Amino acid sequence: IVIAFSTAYPQARTTRSLSSQDDAFLEDLSKRSFRYFWEQADRETGLVADRARANASPYDKDHQSYNIASSAATGFGLTALCIANKRGWVDRKSARDRVLITLRFYAERSPQEHGWFYHFVDRKTGERRWQSEVSTIDTALLLGGVLTVRQCFREEPEIVRLATLIYERVDFPWMLAENSLLLSHGWRPETGFIKHTWDHYSEHTILQLLAIGSPTHPVNRGAWQAWQRQRLTFAGYTYLTFPYAPLFIHQYSQAWVDFRDQEEIWYPYTNYFENSVKATEANREFCLSLSNKFPGYTENVWGISASDSEKGYTAWGGPPPSPDIDGTVVPCAAGGSLMFTPKIWLAALKTMHQRWGDRIYGHYGFVDAFNPNNGWVNPDVIGIDVGITLISAENLRTGNVWRWFMANKEIPRAM
């Protein structure tokens, strides 16, 4: 069976209009979010820190996250440079120079395996840290940024050359599980390929399209069919997901891939954009269903996705509720879905901002998480959570990230 989409890009509908007040709020939030990627990227490598203090103060040198970068955060950071230049927050030369530093590092100096990159690395050297894996999804999110700058700066031959080299070097078939069309989650030099594969719907649709569309090392188009499609119904919303899933699985790929007004022409005819709309609306109802236990969840204070907690990083989600949910609110759940359901998420973000002010909203925008039930506020922000907020807001306002990324011929060809 040949998989295709019923509407060819770029016939997607236009972005939605905002009131001047809402646009001003998003401008402030987006500009603060961009600061993270400008200030927390190493000046010699371009690698972006995995996390930072919300008030931009330095970590203690013995902090476990000191000087650790993430390849996914760097992909968000490359995209952030395009947004910032377009909005006039940085000039063209400064943005171009930072892009070149980052691309040159990944093309010429970064440790890699068959073109794939490690998840966590030293921000100054790119050396592997925390025995992290060569990660398929983190490489894919990095490539989201790499291909975005290839189009945003398409008049720069060196940027185009380096971005093309980085993408075309990735050996996608090497990551396929044995006798399978399923991509592994990654590889470690000590133990080889990770047994877990992308065998069900998750945040990996960008990875699948990059693999199928690769001009040098593609996988068979049947790989798009190889993973399971499980649906869940909650509060009247039926959508593609898996139990306990964090909301980010419905956000990350669509930071770059424009699925608007497109639908698979084979059963069950999934429209991935509308699927994320339903998942977002279900997340709100899910949080409100927990309000008897956690009264901090209210009509405009809600949102659960993987985040920091009082006990450390937690990949909580639902429905059904992860057993460790403790009433924490995760602002990037709202920020990352602005492009899907702006009305309900703008109301949530603005309410949080108005009610808690600078306790949760500061130098880099919203803190990663806070708990309105007991007053806990996370002192950190996390790069990928800041990034999905910035990109989602931009896609809502202009659609520019979708436009840049989808201008790469490999992606429409894959679809």
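The values are calculated or read from the model by the stated rules, or taken from the named source; none is laboratory data. Everything numeric here is computed off the predicted structure, so don't read it as measured data. Glycine gets a Cβ as well: all are built from the backbone with ideal geometry, and neighbour counts include every protein chain shown. Please note that ligands, DNA and RNA were not included when accessible areas were found on the heavy atoms of the full protein model with its side chains. Shrake-Rupley method; radii C 1.70, N 1.55, O 1.52, S 1.80 Å.
Summary table below
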item: Leading residue by the ranking (most open to solvent (accessible area, probe 1.4 Å)) among those in segment 172-182 that are of a type in the set (A, V, I, L, M, F, W, C) and more than 15 Å from SER135 (Cβ to Cβ); result: LEU181
item: Tally of residues being under 20 Å from the mean Cα position of the chain (by Cα) and crowded, with 22+ Cβ neighbours inside 10 Å across segment 141-165; result: 12
item: Which listed residue, of THR79, THR125, THR45, is within 18 Å of the chain's Cα centre (by Cα) and either buried (at least 16 other Cβ atoms within 10 Å of the Cβ) or among the acidic types (Asp, Glu) (or both); result: THR79
item: Any hit, segment 157-179, residues being touching a helix residue (DSSP H, G or I) at 6+ places or on another chain (Cβ under 8 Å), in contact (Cβ under 8 Å) with a residue 40 or more places away in the chain and among the acidic types (Asp, Glu); result: yes
item: Total residues in segment 183-220, condition of a type in the set (A, V, I, L, M, F, W, C), outside any strand (DSSP E or B) and open to solvent by 20 Å² or more (accessible area, probe 1.4 Å); result: 2
item: Scope segment 202-235; condition of a type outside the set (A, V, I, L, M, F, W, C), farther than 28 Å from ALA163 by Cα and in contact (Cβ under 8 Å) with a residue 40 or more places away in the chain; matching residues; result: GLN225, ARG229
item: Test for GLY296: is it of a type outside the set (Phe, Trp, Tyr) and touching a residue at least 60 places away in the same chain (Cβ under 8 Å); result: yes
item: Only listed residue being under 20 Å from LEU207 (Cα atoms) and assigned to a loop (DSSP other than H, G, I, E, B), chosen from GLU155, GLU178; result: GLU178
item: Residue in segment 301-319 that is part of a helix (DSSP H, G or I), touching a helix residue (DSSP H, G or I) at 6+ places or on another chain (Cβ under 6 Å), buried (at least 16 other Cβ atoms within 10 Å of the Cβ) and not aliphatic (A, V, I, L, M) present; result: no
item: Test: residue in segment 351-362 that is without any contact (Cβ under 8 Å) to a residue 40 or more places away in the chain, within 16 Å of VAL330 (Cβ to Cβ), in a helix (DSSP H, G or I) and open to solvent by 20 Å² or more (accessible area, probe 1.4 Å); result: yes
item: Scope segment 363-415; condition within 22 Å of ARG150 (Cα to Cα) and either over 21 Å from the mean Cα position of the chain (by Cα) or part of a strand (DSSP E or B) (or both); matching residues; result: LYS409, ARG413
item: Which listed residue is under 21 Å from ALA73 (Cβ atoms) and over 18 Å from the mean Cα position of the chain (by Cα), from TRP187, TRP198, TRP227, TRP256; result: TRP187
item: Qualifying positions in segment 395-415 - of a type in the set (D, E, K, R) and either touching a Gly at 6+ places or on another chain (Cβ under 6 Å) or surrounded by fewer than 17 Cβ atoms within 10 Å (Cβ to Cβ) (or both); result: LYS409, GLU410, ARG413
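Residue-wise test of (1) touching a residue at least 24 places away in the same chain (Cβ under 8 Å); (2) out of contact with any strand residue (DSSP E or B) (no Cβ under 6 Å at 6 or more places or on another chain).
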| residue | (1), (2) |
| --- | --- |
| PHE76 | yes, yes |
| CYS82 | yes, yes |
| GLY88 | no, yes |
| LYS93 | no, yes |
| THR102 | yes, yes |
| PHE105 | yes, yes |
| GLU113 | yes, no |
